[in-house]
1. Once you place label points 7 Å from the Cα toward the Cβ at GLN265 and GLN299, how far apart are they in nm?
2. Taking a threshold of 28 Å on the Cα-Cα distance, which of the pairs LYS190/LYS287; LYS77/LYS238; LYS121/LYS287; LYS96/LYS291 fall above it?
3. Under the rule of at least 5 residues apart or a separate chain, name every residue whose amide H is placed under 5 Å from the amide H of TRP293.
4. Setting aside same-chain residues fewer than 8 positions from LYS110, which lysines have a Cα under 16 Å from its Cα?
5. Can you give the alpha-carbon Rg of the stretch 157-228 over 2.2 N^0.38 Å, where N counts its residues?
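Here, each number is a calculation from the coordinates, and none is a lab measurement. The model shown is predicted, which means the values in this text are computed figures rather than measured ones. Cβ sites come from the backbone with ideal geometry, for glycine too, and all protein chains shown count toward neighbours.
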Amino acid sequence: MTQIATLFSNDINRQIEEVIKVDQKDDEVVASEIGEYVVTDAIKSHFVEVLEKYQETPQKPHEGIGIWVSGFFGSGKSSFAKILGLAVENRPILGKPASDRFLTRTSDPKLSVVLKTINEKIPTHTVIFDVSTDRGIRSGNQMLSQIMYRLFLASLGYADDLDLSELEITLEQQGDLERFKAAYHGETGKDWDVGKTRTMFALNEASRTLHKMNPQTFPVADSWAKTAVNKTDISAGKLADRIVELMKRRMPGKSLMFVVDEVGQFVARDIQKMLDLQAVVQQLGVKGRGKHWIVITSQEKLNEIVSGLDNRGIELARLMDRFPLQVHLEPSDISEVTSKRVLSKNSGAETLLGQLYEDNRGRLVQNTRISADIRLPEVGAAYRSNLSSCRTEA
């Protein structure tokens, strides 16, 4: 006797993540997410379109580096954006490159050629995060440019705290960062890369270290600490300038891709945040010329968000031009994805079930056909009559 559980291509008792978190970095979870990913024909065409544009950029530099991915809750927009970022960066996941894991989910040769070309010729560093949940960015008045800057620096190994990272950048530029790290270890007995994660202590410890290194510039132990706190001002222009500068310094030869989830909700009905987003995309395009990309996800299409901000319509309409690639995932993909993910059968089961269907086709048709003797208008009239009677008795 055949058990139903043996018919499926995957273990029906396996854990399937209900919601994809773009900032989930655990390799076991990420490998599972890619392994469960279903590439429908529509999704595949979106990947090909985006990746072809990305591939051709070095030969045809341009400013159109924005990708807007939209779709209702559950449509798979976060999965699409996250896997796009992972596949382009192609970091190893449990010993297997991310793009190889992704390509096992689709047999499309065109997609395979384009992605492999990107991995070989356009090495890319990615910064992937959810703007609505990342720790430390819940302040309502914080701009996207500020959030992106802090997470970009952290991805390159700089301190999370902006004052400390600014110190590292300055010392690195002067050629003194390694000397500072050695002096900090001598002063505190700790490695700087560990100590800087304890921001409250690190500010004062760094200040004491700078005093020991250069007492003429920092005459007392707290000289730097008194002048450094909350002095870092970030704009879209400075973000772009720093990206150009620091990518050359720490990631020479690499391109950059931001993947930012749930930006639609973050900027919706907020003129200043929307204008900040426009400035970020514009500055990345102008100063990066195709080397620095940004992928945005939103439940709403871009034109729907822009149309809701009518008092600055002319300026915000320019934002549409900043996102030449707009991917919209339709609800129709959801049923196809879920059926393939949960109900797909192994080859033996497909043969068995196909034969059972052919053997019983006639009986199935006979027992699932609506009889021609049933006249739907008459059924409807009878229903309305019974309903009227019930109301009268009530």
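1. 0.7 nm
2. LYS190/LYS287; LYS77/LYS238
3. Here LEU256, MET257, PHE258 satisfy the definition.
4. By straight Cα distance, LYS110 reaches LYS44, LYS53.
5. Ratio of Rg to 2.2 N^0.38 Å for the stretch 157-228: 0.96.
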